[in-house]
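Here the structure is laid out as structure tokens; the discussion comes afterwards.
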Amino acid sequence: MTDEPGADRRSPVGEPVVRADPEITGERAAEAIGFDPDDPESVAEAAAVVNRFATGDVGGDDHVLMLRGAAACAALVRGTGSYKRAAERAGDGVSVSFIRKWARVHDLPQAIRRHVARGEIPPTAAKHIARVGGTDRYLLAWAVLDGDLTVRDVRSIASNVNEGAPLETALADRGITPGRITLDLPIDAYVALRRNASMRNEDPGSIAGAALEAFEPDA
């Protein structure tokens, strides 16, 4: 495993895109701070935040502050060039594994991090979601929302996947069917969906799925 940081984020590292959105964090959006891995002063601030985060001075059960700590970890890794140097820069009590785990949380897709910021996906669960890649990240995150998975469940599933088990199988073992979601539709849309499904001899999910495939999602 390489010690170099990932680089799959489209938005600038440390930029509080999610934390600064008042539709997600409300009045706390004004508290959001960003970190610039190319600015020595910002990297120093990130190191200080990571140290406080790792030693328990900030964060606790506060999901917004924990996301700030994750952003600081990511910026520190990029600013120093490696997980090892980031841990050394953060000081005593900060391990490489701690920085790696939380930097990867910051590298999760924004669609997932938004649910973390809203408090709907625990940050501690996000750490384990970040252990899997690709579409599995989304499937596991949505399973937390739709299947009421606990942090322990998520940790176990991520371990199963990393050991070679298909995510769908790991979810099925816990009674969760990937792709199943309960929706509340406007009455007219509900009637139209059911009518079209009946006339086409298809399941309503197939009709909705086809419509979503034709929909251009946000990046």
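Summary table below
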{"item": "Relative intensity, log₁₀ I(q)/I(0), of the chain from a Debye sum that treats every alpha carbon as a point, q = 0.08 Å⁻¹", "result": "-0.34"}
{"item": "Of the DSSP H helices in the chain, those whose Cα atoms cover at least 15 Å axially and whose Kyte score averages -0.5 or more", "result": "40-54, 63-80, 96-106, 135-147, 151-162, 187-199, 204-214"}
{"item": "The stretch 98-124-the stretch 78-93 distance, computed between alpha-carbon centres (Å)", "result": "20 Å"}
{"item": "Interchain or long-range residues, amide H under 5 Å from ARG118's placed H", "result": "none"}
{"item": "Accessible surface of the chain [probe 1.4 Å, protein heavy atoms]: carbon and sulfur percent", "result": "49 percent"}
{"item": "Alpha carbon convex hull of the stretch 151-217, projected area averaged over orientations, nm²", "result": "6.7 nm²"}
{"item": "Computed [θ] at 222 nm, helices only, for the chain once each DSSP H run of length n ≥ 4 contributes -39500 (n - 2.57)", "result": "-17000 deg cm²/dmol"}
{"item": "Per-peptide average of other Cβ atoms within 10 Å, ordering 137-145, 117-125 highest first", "result": "137-145, 117-125"}
{"item": "Residue-normalised accessible area of the chain, expressed per residue, 1.4 Å probe, Å²", "result": "56 Å²"}
{"item": "Å³ per residue enclosed by the Cα convex hull of the stretch 107-219", "result": "131 Å³"}
{"item": "Computed magnitude of the charge dipole of the stretch 111-219 (debye, nearest 20; Cβ of K, R +1, Cβ of D, E -1)", "result": "340 debye"}
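The values are calculated or read from the model by the stated rules, or taken from the named source; none is laboratory data. As the structure is a prediction and not an experimental result, all values here were calculated from the model. Here the Cβ is made from the backbone with ideal geometry for all residues, glycine too, and neighbour counts use every protein chain on show. When the accessible area is computed, the model is the full protein with side chains, heavy atoms only, and any ligands, DNA or RNA have been set aside. Shrake-Rupley method; radii C 1.70, N 1.55, O 1.52, S 1.80 Å.
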